[in-house]
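The values are calculated or read from the model by the stated rules, or taken from the named source; none is laboratory data. Everything numeric here is computed off the predicted structure, so don't read it as measured data. In this analysis, Cβ positions are derived from the backbone assuming ideal geometry, glycine residues included, and neighbour counts consider all displayed protein chains. SASA here: full protein model, heavy atoms, side chains in, ligands and nucleic acids out. Shrake-Rupley method; radii C 1.70, N 1.55, O 1.52, S 1.80 Å.
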Amino acid sequence: MSDKAILEYQGKKYEFPVTEGTEGELGINIKTLRSEAGMITLDRGYKNTGSCESAITFLDGEKGILRYRGYAIEDLAEKADFLEVAYLLIFGELPNKEQLDKFSADIRDESEVDEEMKKILDGFPKSAHPMGVLSSLTSALIAFNPSSVNVDSEEEMYKAIVKILGKFPVLVAWTLRKKNSLPLNYGDDSLGYVENLHKMMFEKPGKKYNVDQSVIDALDKLLILHADHEQNCSASTVRMVGSSHAGLFASISAGISALWGPLHGGANQAVIEMLEGIKQDGGDTHKFMQKAKDKEDPFRLMGFGHRVYKNFDPRAKIIKKSADEVLGGLGIEDPVLDIAKGLEKEALEDDYFVQRKLYPNVDFYSGIIYRALGIPVEMFTVMFALGRLPGWIAQWREMRLKKEPIGRPRQIYVGANLRDFKVVGER
Ligand code: SDX
């Protein structure tokens, strides 16, 4: 295979090197396109454009494959825990016991959040959406951790990384407790990362806290499944913001805002609202399938479709199985699970969805488990953000260590040509 691509335009030929990745993906390197041919490429939504070479996550959308640093998502979801996966994504290897113990201890040592931060949280109305609160609090962390802003050395990056991993669960818990009018608390160093998060979120003053281990295991698995997904909208946002050398916390705060959108991470909340709406409307899934296919109708089947997966999202398969296990284990009957399964069955037999290769994605079943775990629907995307935190960190760190240039796309101008200014009386 030639390692060059040729572009021909108006009788002139231009050659560009072709990069091949370790899984055989091919990319045309157009670094010299504008200087040689005086042209740029146009690609709305970057559907065919690679922004970087990355060694973190591999997706094969046609085969429904997802791997973190070469490990299959099925193995990691089954055999690893969230902090191990965080270490793997960020540093590239599964940690041995000594490395994992040090990583956990360093994170625990950085899990305090400045008391003054509570005043910022106080300023929000209880009705504020948790994603807006979380993004603001994450950005506010910068003011209390100035040494984490301009980090260049690996050592400085490590300190900023364990700080955000230690403090983020506290911000997640405080965001929920603010909505529930509960006192803002701190973690318990004797607990594991996910159990500590759950305790901070749900413990009540004067009440003994206890939790079924199956709940912690399910939450840990959900966080692993959300941990990274290569150059998705929010990871690309983190990279873009970080490419200007804005700090890690500022980049993560921007990523949270990008994830909030209903076309991205906000879909897990939209899915439950959609399923509840179908239930309230009498459960007629066929009626809503027709609406999803009607171009005149803005209704979309939330939790369906994906930019990359044109086959089953492997995460959706694992979550669907886990939903049955968790609800069964907790003895919960949730009618929206049956509605979800009914929609999936109908869609997989419907030409519109089959032709467009629209399958359930990570958001389709996750909310059903979150709800069974007692997490309110407005917090679903916050849980996605916590899961995605190690992936955002890994993408940001790779971008900075590779000294990637500041992100600055070009455009094709289609506005007015030069025209003379007219004073207001002449317009
Ligand atoms: C996440 O990028 C990632 O990796 C994201 C993510 C991650 O882990 O970071 O996987 C997490 O964001 C998952 C996606 C969650 N979003 C949703 O579930 C929202 C519903 N899905 C869609 O809005 C849509 O499928 C997207 C946004 C996910 C993907 O959109 P694309 O790739 O831009 O595809 P498109 O909108 O161009 O759709 C192609 C066709 C269109 O029809 P035609 O114009 O060809 O006739 O499929 C149709 C769309 O109308 N279509 C849908 C549909 N999704 C696509 N029709 C009905 N219902 C849907 N859900």
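What is the spread of the Cα atoms of region 337-388 along each of their three principal axes, largest first, in whole Å?
Per principal axis, max minus min of the Cα coordinates gives 35, 24, 13 Å.
Before I look further, what does region 1-83 give for accessible area per residue, probe 1.4 Å, in whole square angstrom? Before the final figure, lay out each step's value.
Numbers: 5960 Å² over 83 residues.
On a per-residue basis, 72 Å².
How do the peptides 332-342, 411-421, 215-225 rank, highest first, by the average count of neighbouring beta carbon atoms within 10 Å per residue?
Top to bottom by mean Cβ count within 10 Å: 215-225, 332-342, 411-421.
Let me cross-check S135: its accessible surface, 1.4 Å probe, with only protein heavy atoms counted, in Å² to the nearest 10?
10 Å²
What number, in nm² with one decimal, is the all-direction average of the projected area of the convex hull of the alpha-carbon atoms of region 6-148? Don't jump to the answer; show the numbers that get you there.
Working: hull surface 59.4 nm².
Across all orientations, region 6-148 yields a mean hull projection of 14.8 nm².
What whole-number distance in Å separates the alpha-carbon centres of region 375-414 and region 54-119?
15 Å
If packing is taken as the average count of other Cβ atoms within 10 Å, what order do 263-273, 20-30 fall into, highest mean first?
263-273, 20-30
Just how large is the dipole of the chain about the Cα centre, in debye to the nearest 20, putting +1 at every Lys and Arg Cβ and -1 at every Asp and Glu Cβ? Numbers along the way, then the final one.
Details: 56 positive and 64 negative charges, 286 e Å.
It comes to approximately 1380 debye.
Let me see the pair-distance distribution of region 133-250: every alpha carbon pair, 10 Å bin width, integer percents in order.
Computed distribution, short to long bins: 12, 35, 36, 15, 2.
May I have the convex hull volume per residue, in Å³, for the Cα set of region 68-163?
On the way: hull volume 12.9 nm³, N = 96.
That works out to 134 Å³ per residue.
P(r) for region 228-355: what percent of alpha-carbon pairs falls in each 10 Å bin, starting at zero?
Once binned at 10 Å, the Cα pair distances of region 228-355 give 11, 34, 31, 18, 6, 0.
Which peptide among 51-57, 387-393 comes first, and what is the full order, when sorted by highest mean count of other Cβ atoms within 10 Å?
Result, highest mean Cβ count within 10 Å first: 387-393, 51-57.
How about K320: which lysines have a C-alpha closer than 20 Å to its C-alpha, ignoring those fewer than 8 places off in the same chain?
Cα-Cα hits under 20 Å: K63, K79, K221, K279, K310, K341, K345, K357.
What's the magnitude of the charge dipole for region 206-347 around its Cα centre, counting Lys and Arg as +1 and Asp and Glu as -1 at the beta-carbon? Answer in Debye, nearest 20.
Magnitude of the dipole: close to 380 debye.
Would you be so kind as to identify which of A347, P314, M289 lies farthest towards the positive end of the dipole of region 289-352, taking Lys and Arg as +1 and Asp and Glu as -1 on Cβ and the Cα centre as origin?
Of the listed residues, the answer is P314.
Counting pairs of Cα atoms in region 298-353, how many percent are more than 16 Å apart? If you can, show how the numbers build up before the last one.
Working: 790 of 1540 pairs.
Distances greater than 16 Å cover 51 percent of the Cα pairs.
Given a cut-off of under 8 Å on Cα pairs at least six residues apart, what relative contact order in percent is computed for region 306-427?
Result for region 306-427 is 29 percent.
Using θ = phi - 60° and the Karplus form 6.51 cos²θ - 1.76 cosθ + 1.60, what ³J(HN,Hα) does each residue of region 348-365 get, whole Hz, x for Gly and Pro?
Along region 348-365, the couplings run 6, 10, 9, 3, 3, 7, 5, 4, 8, 6, 9, 10, x, 10, 4, 8, 6, 10 Hz.
Viscosity 0.692 mPa s, temperature 37 °C: Stokes-Einstein D of the chain from its Kirkwood Cα radius, in µm² per second? Don't skip to the answer; put the middle values down first.
Details: Rh = 23.4 Å.
Calculated translational D: 140 µm²/s.
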